[in-house]
Ligand SMILES: [Fe+2]
Ligand SMILES: [Fe+2]
């Protein structure tokens, strides 16, 4: 469901959206900005509807899941932990019931796939699925290169070897696909709905990598051929 429709059917959605927009004001990371939050919110609403889960809980958890991410970049604190506490306080102040508030807070705390805290409730699983769907597919490809541009990471180099496990840093954008993105397989999603969406997106990433690498080696071959032709001309 799109954000405009959600604003009409979820209580206090407009106010909460304004709070989230404020938190992301001046945050210059296109891979993790407010548009990521809005995509995750819309995906979470779709998954909740298809899975027969509570729409309000899924949407509020998604909308607030990265609210402390801009602060994490500055202070180094865990945005999942801090975001969970913040959401709990905000929803309590707005008069949401204790069960919904607790479920939203727990979902945010567990939303990082690498976290020790595992998502047990359906709302927590929907949030993690919606967040991870944004890490595969065409938008994910754009996010990877945008982040690489921000950090000055090369697109690709056959000299920079990829590692088996991701430790928060990849030497090239292409290595990042192998170290992290390709591990987000359709089978690793919790809900049937997300698994279905993930299949198409995962396939696209694989096709993209095949095309990228074939063009890259094609360029290398044509450049060396060109040098050889030039040397023969002399
Ligand atoms: Fe996050
Ligand atoms: Fe996120």
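Taking 103, 210, 46 as the candidate residues, the one with maximal mean-square fluctuation in a Gaussian network model of the chain, Cα springs under 10 Å, is 210. The C-alpha atoms of the chain define a longest principal axis, and helix 79-93 lies at about 30 degrees to it. The orientation-averaged projected area of the convex hull spanned by the Cα atoms of segment 130-219 comes to 6.0 nm².
Under the simplified labelling scheme, the residue 27-residue 182 pair shows an inter-label distance of 3.0 nm, with each label point 7 Å from Cα along Cα→Cβ. Relative contact order of the chain: 16 percent, from C-alpha pairs under 8 Å at least 6 residues apart in sequence. Spin-label pair residue 49-residue 18: with each label point 7 Å from Cα along the Cα-Cβ axis, the two points sit 2.7 nm from one another. Computed from Cα positions, the angle between helix 55-64 and the longest principal axis of the chain comes to roughly 60 degrees. If one computes P(r) from the Cα atoms of the chain, what percent of pairs lie at distances over 23 Å? Value for the chain: 53 percent of Cα pairs lie more than 23 Å apart. Here each label is just a point 7 Å from Cα along the line to Cβ, and for residue 217 and residue 146 those points are 3.1 nm apart. The calculated 222 nm mean residue ellipticity attributable to helices in the chain amounts to -21500 deg cm²/dmol, summing -39500 (n - 2.57) over DSSP H runs of n ≥ 4 and dividing by all residues.
Segment residue 138..residue 5, full-extension length gain: 45.4 nm, with 0.36 nm per residue of separation and the alpha-carbon distance subtracted.
Scattering from segment 32-109 was approximated by placing one identical point on each alpha carbon and applying the Debye formula without solvent; log10 I(q)/I(0) at 0.25, 0.27 1/Å stands at -1.15, -1.24.
Quick note: the coordinates plus some simple rules give every number you see, no bench work behind them. Only a predicted model underlies this, so the values are computations on that prediction, with no experimental measurement involved. Neighbour counts run over all protein chains shown; Cβ positions are idealised from the backbone, glycine included.
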